[in-house]
1. Please give the number of the condition Arg393 fails out of (1) within 14 Å of the ligand (Cβ to nearest atom); (2) open to solvent by 20 Å² or more (accessible area, probe 1.4 Å); (3) modelled with pLDDT of 95 or more; (4) among the charged types (D, E, K, R).
2. Against the conditions (1) without any contact (Cβ under 8 Å) to a residue 60 or more places away in the chain; (2) outside any strand (DSSP E or B); (3) crowded, with 17+ Cβ neighbours inside 10 Å, where does Gln77 fall short? Just the number, please.
3. May I ask you to list the residues in the stretch 354-374 that are within 9 Å of the ligand (Cβ to nearest atom) and either among the acidic types (Asp, Glu) or in a loop (DSSP other than H, G, I, E, B) (or both)?
4. Considering only residues of the stretch 37-55 that are within 28 Å of the chain's Cα centre (by Cα) and open to solvent by 100 Å² or more (accessible area, probe 1.4 Å), which is nearest to Arg312 (Cα to Cα)?
5. Suppose we filter His234, His269 for residues that are touching a Cys at 6+ places or on another chain (Cβ under 6 Å), within 16 Å of the ligand (Cβ to nearest atom) and either modelled with pLDDT under 90 or open to solvent by less than 60 Å² (accessible area, probe 1.4 Å) (or both); which single one remains?
6. Only one of these is away from the ligand (no atom under 16 Å from the Cβ) and assigned to a helix (DSSP H, G or I): Ala251, Ala258, Ala263. Name it.
7. Do you know which residues across the stretch 293-331 are open to solvent by 60 Å² or more (accessible area, probe 1.4 Å) and within 8 Å of the ligand (Cβ to nearest atom)?
Amino acid sequence: MTTQATSTKANPATAKLTLNGKDYDLPVIVGTEGETAVDVRKFRDASGAITYDPGYGNTGACSSAITFIDGDKGILQYRGYPIEELARGASFLEVAYLLIYGKLPNKQEWADFSGQITLHTLIHEDMKKFFEGYPSGAHPMAILAAMVASLSTYYPEDAASFNLNITRLLAKLPTIAAFSYKKSIGQPFVYPRNELSYAGNFLNMMFAVPSATYTVKPEVEKALNLLLILHADHEQNCSTSTVRMVGSSKANLFATIASGISALSGPLHGGANQEVIEMLESIRAAGGDHQKFVAQSKDHGSNVKLMGFGHRVYKNFDPRAKILKEAADDVLKALGVKDPTLDIAKGLEEVALRDDYFVSRKLYPNVDFYSGIIYRALGIPTDMFTVMFAIGRLPGWVAHLKEMRDDTTTRINRPRQIYTGPTKRAFVPLSSR
Ligand code: ACO
């Protein structure tokens with residue numbers, strides 16, 4: 001099979017694919033940043049063959065106007081705005097609005113949107129009883145997924161309520177997350193406070209106790225805002241693709257987002273931030289020999305990976321990791337926190353970036369490499385790290401689901417396969433086996 005891209009006057013861009021001696025002309029699609037795709041939608045009808053790409057490393061599953069990534073150049077833009085600029089100047093809720101509705105809110109839109117979010121932060125009192133049923137050691141990501149799926153029993157969906165349910169979900173996710181933490185440490189729930197910012201309200205629900213006054217430190221609020229922005233979207237990653245997959249069946253918003261939360265929980269995806277801290281801690285406990293750990297991670301037989309390193313798309317650097325490395329220094333300094341794992345992380349990075357194994361495979365620190373160190377400095381416990389990621393990623397998931405629903409050409413997602421099992425054979429009854 002050979003393929004060849006050609007340009008003709010009648011059809012400015014087509015690709016020619018030759019299979020078993022026969023030529024097929026396939027349309028070529030070019031995005032606004034020049035990304036090029038060969039459109040194979042009609043190829044199976046014409047040839048009987050499918051395209052094969054396990055892990056979807058080279059498959060465009062949709063077109064999308066939300067996030068642009070150039071993995072070779074380390075570029076990340078939400079709706080055209082560079083991540084570095086949003087990280088410097090925006091609030092997380094503004095970014096949420098931008099991702100979901102496609103533009104930065106003007107003052108009136110901002111007042112309406114943020115006001116609505118504030119109004120919906122409470123969860124139904126009956127839902128508090130759900131927390132009683134989980135074992136005390138339950139992972140908060142499991143609780144988060146289950147609670148979000150349960151929201152659909154309180155807020156059924158129809159065409160008119162979709163947007164309201166988006167607001168409800170954005171407002172309630174931090175409340176559910178903080179309640180699951182309070183449950184895990186046996187403290188009473190702290191109700192939302194409407195006068196606080198999105199990040200500030202979350203911190204208050206996490207750390208306030210009835211017996212003392214808790215004031216949200218501005219440095220902590222600022223750092224959390226930054227982390228949430230950096231997590232807010234990342235185009236067709238595993239959890240977002242899951243959201244699109246489940247959403248394509250027209251499952252309701254809450255069921256769809258619960259599936260995204262479950263996908264995010266895996267250690268190769270959002271769960272990596274927890275794994276990074278656990279890795280850094282284990283290196284520290286073993287005497288801090290990061291060189292030895294790097295050597296182990298290069299040995300495929302050891303089953304050890306340098307967690308927080310590598311990315312399917314970024315092959316130069318992850319711009320989020322660059323921002324977070326600087327932020328980690330600033331936050332720890334501002335809070336007066338001394339964390340030996342920061343030095344271990346920097347040492348690991350230094351060794352790995354000079355090592356041919358990592359250089360030749362284009363493995364660089366990803367967003368999870370430094371985020372855990374900052375979360376820890378903010379007082380967030382390790383098993384809540386991935387929950388923080390989920391709160392940050394929610395606007396991205398919602399934006400993709402909304403974009404998909406708004407597109408009238410969306411079909412149910414249903415990949416094909418190459419079957420490799422037994423060919424047809426006769427059933428043998430149990431009595432004869
Ligand atoms: N440590 C050591 N070796 C690695 C690492 C790592 N962290 N990541 C990749 N490699 C090696 C692989 O073993 C493979 O080696 P080989 O060519 O000799 O077989 C090569 O680099 C290519 O790696 P793949 O696994 O094929 O890359 P893929 O794109 O499938 O996976 C992934 C990307 C999952 C992120 C991978 O790099 C990884 O497991 N990293 C650690 C987990 C992690 O940090 N995940 C967070 C990702 S970011 C996010 O989801 C927010």
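1. Against the list (1) within 14 Å of the ligand (Cβ to nearest atom); (2) open to solvent by 20 Å² or more (accessible area, probe 1.4 Å); (3) modelled with pLDDT of 95 or more; (4) among the charged types (D, E, K, R), Arg393 comes up short only on (2).
2. The failed condition is (2).
3. Correct list: Arg361, Lys362, Leu363, Asn366, Asp368.
4. Per the criteria, the residue is Tyr52.
5. Details: His234 fails: touching a Cys at 6+ places or on another chain (Cβ under 6 Å).
From the options His234, His269, the qualifying one is His269.
6. Numbers: Ala251 fails: assigned to a helix (DSSP H, G or I); Ala263 fails: away from the ligand (no atom under 16 Å from the Cβ).
Ala258 is the lone residue from the list that is away from the ligand (no atom under 16 Å from the Cβ) and assigned to a helix (DSSP H, G or I).
7. Across the stretch 293-331, the qualifying residues are Lys298, His300, Lys305, Arg312.
Per-residue answers, yes or no, for (1) at pLDDT 95 or above; (2) surrounded by fewer than 12 Cβ atoms within 10 Å (Cβ to Cβ); (3) within 16 Å of the ligand (Cβ to nearest atom):
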position: Thr341; (1), (2), (3): no, no, yes
position: Ala352; (1), (2), (3): no, no, yes
position: Arg376; (1), (2), (3): no, no, no
position: Pro381; (1), (2), (3): no, no, no
position: Phe389; (1), (2), (3): yes, no, yes
position: Leu401; (1), (2), (3): yes, no, no
position: Arg425; (1), (2), (3): yes, yes, no
position: Leu430; (1), (2), (3): yes, yes, no
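The values are calculated or read from the model by the stated rules, or taken from the named source; none is laboratory data. The structure displayed is predicted, hence computed values, not measured ones. Cβ: placed from backbone, ideal geometry, glycine included. Neighbour counts: every protein chain shown. Remember, those area values only see protein heavy atoms, side chains included, never the ligands or the DNA or RNA. Shrake-Rupley method; radii C 1.70, N 1.55, O 1.52, S 1.80 Å.
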